[in-house]
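What follows is calculated from the coordinates using simple rules that are stated; it is not laboratory data. Predicted, not measured: the structure shown is a model, and the values here were computed from it. Neighbour counts are summed over all protein chains in view; Cβ atoms, including those assigned to glycine, are modelled from backbone coordinates with ideal geometry.
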Amino acid sequence: MKLRQLLLGGLFAVALPFTAQAEPVDLDQLLNLVQEGQARDNTEFEKRLAEFNSSKSRQEQLLADARADRERLEILSAEKESLFRENELSIADSQAQLNDRLGSLKELFGVLQQVAGDTKAVFEGSVISSELPGRDEFLTDLIRVAGATSELPSIEQLERLWFEMQREATLSGRISSYTADVVAPSGETAERSVVRIGGFNAVADSAYLSWDIESARLVELDKQPGSRYTSSINDLTSASGDTLTGFWIDPSRGQLLKIMGQSPELGDRVDQGGVVGYIILVLGAIGILLALWRMVVLNGEASRINKQMKSESANENNALGRVMAVFNANSKSDTETLELHLGEAISAEIPRLTRGIGWIKIISVVAPLLGLLGTVTGMIDVFETMSLFGTGDPKLMAGGISQALVTTVLGLVAAIPCVFLHTLTNNRSRGLIMILEERATGILARQSEQQQSKAA
């Protein structure tokens with residue numbers, strides 16, 4: 001207490017100069033102030049001391065309550081542990097009794113769990129689920145119950161499993177029409193009229209659909225297969241109950257359709273040939289048209305020659321008539337001179353009969369060479385791709401090689417008919433030339449006989 005008084009006195013002594021500056025204070029007033037501060041401090045100290053004693057007694061009471069709670073909880077824990085051990089023994093006995101009573105049923109429930117799991121997988125991947133959405137939801141609970149040790153499947157669950165399996169088998173052999181949500185290649189979802197063919201295919205608006213397992217929705221194929229396979233869709237959708245209609249079935253449930261959609265069509269194959277492929281096709285078309293034109297011309301010429309062979313008067317609308325006209329003009333000449341004139345006339349007719357046939361042969365030879373050129377350039381591109389990306393993807397190499405070989409195929413496609421048509425036109429023209437030579441030889445023979453008879 002004395003120490004506190006000394007400190008307060010020192011504080012007042014230090015503060016005296018500051019207070020003296022503001023207002024003069026005498027010693028009596030200062031003493032009163034010190035006494036008042038000392039009394040105030042004593043009051044606050046006693047108050048804090050009382051609060052401390054009160055808090056101390058309260059904390060002691062709390063400590064005693066906590067110790068009592070701990071003892072109570074320890075006793076309760078011991079009771080619970082004992083009860084837990086008893087329950088474990090009871091559960092073990094009950095489980096043993098359950099196993100004894102189940103007997104072979106336990107194995108049956110294991111099989112049931114497996115069958116339910118397999119059935120759920122079948123339902124998830126079946127296109128029939130688009131017509132019957134949510135039919136596999138009960139199988140999740142059935143699988144859980146069949147695998148549990150404390151629950152048993154109900155008769156209703158078993159009967160529903162059998163019913164759904166039977167319905168799956170029944171609907172797999174039927175064609176059904178219904179409305180369902182279909183996802184277009186653009187990502188838009190719209191309600192369409194769907195025709196389901198068993199558990200294999202589903203079509204809508206002349207397009208094949210596939211069942212997406214993840215989204216559980218029908219999805220239109222990004223690329224439809226060729227018209228050979230899509231042409232039967234309209235016939236199927238418009239057919240009545242008594243009409244037999246042919247339709248393509250995909251036993252792989254959409255996988256083959258996707259692969260067939262990815263395979264290039266005829267137009268795509270031609271595009272793969274590039275510039276060389278188009279050049280080959282143009283040359284092939286020119287060769288075929290030229291051959292057809294020559295066949296028409298030669299057939300017409302052959303018809304006129306056949307008519308001329310039946311007539312003795314020369315008609316210059318055909319090669320034989322023009323040769324006979326040369327003979328008539330030089331009939332009084334000797335045999336050697338007449339032979340020369342007839343040979344000249346036949347030589348003049350040969351270019352007319354063989355016109356354009358040589359170009360057909362040239363096209364038949366050039367087309368395969370152009371195809372080989374396109375193949376070589378395509379293989380160069382393939383090897384460049386392999387050098388950049390490696391050989392880890394066989395599909396990349398196979399696709400490049402396939403594109404490279406397209407030009408070879410186009411070259412052969414153009415060359416084969418050109419070779420065939422060249423043979424026909426060449427044989428036709430040679431046949432006509434042989435007729436002219438035969439007739440000229442006969443004319444010379446008759447002329448020689450007449451001259452010999454006159455000389456005799």
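List pairs: first in the range 26-49 and without any contact (Cβ under 8 Å) to a residue 60 or more places away in the chain and part of a helix (DSSP H, G or I), second exposed (fewer than 10 other Cβ atoms within 10 Å of the Cβ) and of a type in the set (A, V, I, L, M), Cβ under 9 Å, 6+ apart or cross-chain?
Between residues of the range 26-49 that are without any contact (Cβ under 8 Å) to a residue 60 or more places away in the chain and part of a helix (DSSP H, G or I) and residues that are exposed (fewer than 10 other Cβ atoms within 10 Å of the Cβ) and of a type in the set (A, V, I, L, M), the close pairs are GLN38/MET1; ASN42/MET1.
State whether the residues of the range 344-355 include one that is within 30 Å of LYS454 (Cα to Cα) and surrounded by 14 or more Cβ atoms within 10 Å (Cβ to Cβ).
If we filter the range 344-355 for residues that are within 30 Å of LYS454 (Cα to Cα), which is where we start, we get 344-346.
Filter once more, so that each one left must be surrounded by 14 or more Cβ atoms within 10 Å (Cβ to Cβ): 345-346.
Within the range 344-355, one or more residues are within 30 Å of LYS454 (Cα to Cα) and surrounded by 14 or more Cβ atoms within 10 Å (Cβ to Cβ).
From the list ALA184, ALA204, exactly one residue is in contact with a strand residue (DSSP E or B) (Cβ under 9 Å, 6 or more places away or on another chain) and more than 25 Å from ASP136 (Cβ to Cβ). Which is it?
None of the others qualify; the one that does is ALA184.
So GLY274 ticks every box in (1) out of contact with any Phe, Trp or Tyr (no Cβ under 7 Å at 6 or more places or on another chain); (2) at negative phi but one. Which box is left unticked?
That leaves (2) as the condition not met.
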